[in-house]
Amino acid sequence: MSGFVTNEGKQEYINSYHEAMSYLPQPVESKMLNTVFGKVKLYKFQEEETPDKTPLLLLPGKGSATPMWEANLNDFLKHRPVYTIDLIGEPGLSIETKRIKTNMDQAIWLKQVLEQLPEEEINLLGLSFGGWSAANLAIKHPEKIQTLILVEPVYVFGPIPLKMILVSIPASVPAVPKSIRERMLSYISGGAKIDESEPAD
């Protein structure tokens, strides 16, 4: 199961996580939800003028958590309330207590998250692995999903090309020169300009 190797590493991650969260709007709600596969960290963000619209639930990509939405969250909040969660088994504040082994397992704990939200329907948006998770949930338990939004979902419409896998390796290795990492990240991002020294706008 997922977890930290050392207490020092855990504390370092938590400190960095909270620092990253400081760039997001202040959540109106922050709590842990119980599921059969562990505890799920959930946040609710809301502006006063959008209290009655169907909320948007954001599922992050693999290796990511709620802070990754910093560049998009304010724009989403102009239109409706937003929930975010940290995925079980991925970096974040969620805690895995039972190993997730199958696609059905992945759908079950997400279904249990949706069941604990007070709204009758939810708009679901998933990025990358979060997109696969959203599609997997919609196929197996669509009951509360009003709309499904998939952003670059992996393994939903086909496998990841081998070239993309090979390019991603130097893009994620710190020992590789910065100029090469930025070129690889730009390729992965469809030609977008990459500057690792600046946070996203």
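With a simple spin-label model that places each label point 7 Å from the Cα along the Cα-to-Cβ direction, the separation between Ala71 and Arg183 comes to 2.2 nm.
Given the C-alpha centroids of the stretch 124-163 and the stretch 13-29, what is the distance between them in whole angstrom? Centre-to-centre (Cα) distance: 26 Å.
Nearest 0.05, what FRET efficiency do Glu29 and Thr102 give at R0 = 30 Å with Cβ-Cβ as r?
Values: r = 31 Å, r/R0 = 1.02.
It comes out at approximately 0.45.
In this Cβ point-charge picture (+1 for Lys and Arg, -1 for Asp and Glu), the chain has a dipole of about 820 debye about its Cα centre. Between Gln116 and Ile145, the simple spin-label model (points 7 angstrom out along Cα→Cβ) gives 2.0 nm. These residues, Asp52, Asp75, go from largest to smallest accessible area, 1.4 Å probe, as Asp52, Asp75. In a fully extended conformation the segment linking His79 and Asn15 would gain 19.9 nm over its present Cα-Cα distance, using 0.36 nm per residue.
Once volume of the Cα convex hull per residue in Å³ is calculated for the structure shown, the corresponding label among [x] 116; [y] 140; [z] 124 turns out to be [y]. Here the sum of -39500 (n - 2.57) over DSSP H runs of 4 or more residues, divided by the residues of the chain, equals -10500 deg cm²/dmol at 222 nm, to the nearest 500. With a cap of 14 neighbouring Cβ atoms within 10 Å, and only residues DSSP puts in a loop, list the chymotrypsin sites (Phe, Trp or Tyr not before Pro) found in the stretch 107-160. Listed in order of number, the matching sites are Tyr155, Phe157.
A Gaussian network model of the chain, with springs between Cα atoms under 10 Å, assigns the largest mean-square fluctuation among Ile14, Ile95, Ile145 to Ile14.
The values are calculated or read from the model by the stated rules, or taken from the named source; none is laboratory data. Treat the numbers as computed from the prediction; the structure is a model and nothing was measured. Counting neighbours? That spans all protein chains shown, and the Cβs are built from the backbone with ideal geometry, glycine included. We work out accessible area using only protein heavy atoms, side chains counted, and drop any ligands, DNA or RNA first. Shrake-Rupley method; radii C 1.70, N 1.55, O 1.52, S 1.80 Å.
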